[in-house]
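Let me begin by presenting the structure, written as structure tokens, before commenting on it.
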Ligand SMILES: Nc1ncnc2c1ncn2[C@@H]1O[C@H](COP(=O)(O)OP(=O)(O)OP(=O)(O)O)[C@@H](O)[C@H]1O
Ligand SMILES: [Mg+2]
């Protein structure tokens, strides 16, 4: 019953949106507001364009490499900070600073430091999301219930099992929430970094479209950026739910 | 052959609070020793020191090195992300023969009345069910020293009784050293070979009673137990009123004379 209403609502709101968009496109010049028809057409055209998939692949590759590097390094940093007082004093302030350095400063610095290829894009993403991963992991590490570790010690549970059975499940929720924020940030950052620094990838396509005042292309590309971003968020949520089955109701 | 556990001259303070001051206690081997005392007097602290989880400021404990310890903590301390069955398996893995493990775990869940809940996660259980799961875990763990910190709290009277019987049976089948902390003097009298009453801070042994009555003969409401119970209540109440040094012991303890009730049943330590 509710589902039926939901569907009706979606159809209704989409139709309203398209009508308003159509009217706006008739009022304003095509560069400002392209017609829905032309944007939808571009979306379809991309579907059959081999180069588009190549660019999408390059962008995904850069994002994935950066994401994985930042995940590993970020978690490692969190453990170092948590279990070494000296390292905490040294690293923690940098982590806080890293968190507030504007992305655009990194982009400018990276353009000076690195050759203009994938490295530069990966670098920018890594420095942007490391603090997100580290601080979230750290939160989880500080919240481990020490009484459970004590329990495991008393019952002679081996160290490996303590890590597998207590530490990892305890910090997983915090890591997942860091991963979720970091995933969105990665996807937005990869496109922005590409746009400003390199000639390949979805970001570069946006840059070309902008140079040509092809607003319909910008919108069609943005549509794909959103779709791909949502797909990855969905996959991550599935993974998280799998890990946290115990939180679900029976 | 292991010897009695000797707690000698233990000192322990938290900040300015002296919890234990020159505390001494002998824990008889392969017997059940119950410790009663008012809330906050240091019972859990004593268990934690015996288990090695808390280091005393000074003093030592002898004959503890060869002990395999099992512990019912004051809180259930369960892994929320593991089912009832997996919580038991988690601590028993490698200690029980792999091919019998499932059966062994299920038997223990059955013993505490949780056989229908083996796939439940702790958050799907009631407080008493979690407590019973913690009990099953401690009972199932192969050990020669079992520490129990108010293990039957949160259980209704019939269940409590069942658990007491279970503990009695467990001990009859596998005689091990058990230290049993409780607020419930009746409970202590039903299962203890010894009952130790502690005073308030710093904790002192107000009395250390030996009960010779066979554990399986002890029944709720039996006159002998009732009378000891009354005396113990009085003792603890006085001991926890705040005036908590040896004077209390001098004043109230020696003349109580349990042996006038039944000479065979217990004698002073
Ligand atoms: N980690 C700690 N830090 C500071 N004080 C503590 C700590 N653990 C226990 N205490 C103090 O030590 C005293 C004894 O605590 P303990 O838990 O041993 O009491 P208890 O006899 O088990 O009480 P209850 O019957 O209420 O469980 C209390 O006054 C408590 O405030
Ligand atoms: Mg306690």
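Summary of computed values
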quantity: When the convex hull of its Cα atoms is projected in every direction, mean area for chain A (nm²); calculated: 19.0
quantity: Cα Rg, Dmax, the protein assembly as shown, angstrom units; calculated: 33.5, 108
quantity: Considering only the protein assembly as shown, percent of DSSP beta bridges that pair antiparallel, nearest 5; calculated: 50
quantity: Structure-based [θ]222 nm, chain B - -39500 (n - 2.57) summed over DSSP H runs of at least 4, per residue, nearest 500; calculated: -10500 deg cm²/dmol
quantity: Computed Rg/Rh of segment B:88-183, alpha carbon atoms with Kirkwood Rh; calculated: 0.94
quantity: Value of [θ]222 nm, deg cm²/dmol, for chain A, DSSP H segments ≥ 4, -39500 (n - 2.57) each, nearest 500; calculated: -28000 deg cm²/dmol
quantity: Per-selection Rg to Rh, chain B - Cα, Kirkwood hydrodynamic radius; calculated: 0.97
quantity: Residue A:12 paired with residue A:230, simple spin-label distance in nm, labels 7 Å along Cα-to-beta-carbon; calculated: 2.0
quantity: Two-decimal Rg to Rh for segment A:40-118 - Kirkwood Rh, Cα set; calculated: 1.17
quantity: Cα convex hull volume per residue for segment A:204-250 (Å³); calculated: 71
quantity: Contour minus Cα-Cα distance for residue A:87 and residue A:223 (0.36 nm per residue); calculated: 44.6 nm
quantity: Mean projected area (nm²) of the alpha-carbon convex hull when segment A:141-218 is viewed from all directions; calculated: 7.6
quantity: Gaussian network model of chain B, springs between alpha carbon atoms under 10 Å - residue of B:179, B:228, B:46 with greatest fluctuation; calculated: B:228
quantity: Residue exposure sequence - B:217, A:145 - by fewest surrounding Cβ within 10 Å; calculated: B:217, A:145
quantity: Amide N of segment A:156-198 lying under 20 Å from the label point, which is placed 7 angstrom from the Cα of residue A:149 along Cα→Cβ; calculated: A:156-176
quantity: Rh by Kirkwood over Cα pairs, then Stokes-Einstein D for segment B:16-123 at 0.692 mPa s and 37 °C, µm²/s; calculated: 194
quantity: 10 Å Cβ neighbours from other chains, averaged over peptide B:78-91; calculated: 4
quantity: Calculated SAXS-style log₁₀ I(q)/I(0) at q = 0.26, 0.32 Å⁻¹ - segment B:166-205, Debye, Cα scatterers; calculated: -0.96, -1.20
quantity: Share antiparallel - DSSP beta bridges, chain B, percent rounded to 5; calculated: 50
quantity: FRET efficiency for residue B:24 and residue B:217, using Cβ-Cβ distance with R0 set to 45 Å, rounded to 0.05; calculated: 0.90
quantity: Sites residue A:60 and residue A:181, calculated FRET efficiency, Cβ-Cβ separation with R0 22 Å, nearest 0.05; calculated: 0.70
quantity: Dimensions (Å) - segment A:1-55, Cα atoms, principal axes, largest first; calculated: 44, 32, 13
quantity: Peptides ranked, highest mean first, by Cβ atoms within 10 Å: ranges B:63-70, A:184-191; calculated: A:184-191, B:63-70
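Read-outs: derived from the displayed coordinates by stated rules, not from any lab. Quick caveat, the model's predicted, so the values are computed rather than measured. As a convention, Cβ positions derive from the backbone with ideal geometry for all residues, glycine included, and neighbour counts pool all protein chains shown.
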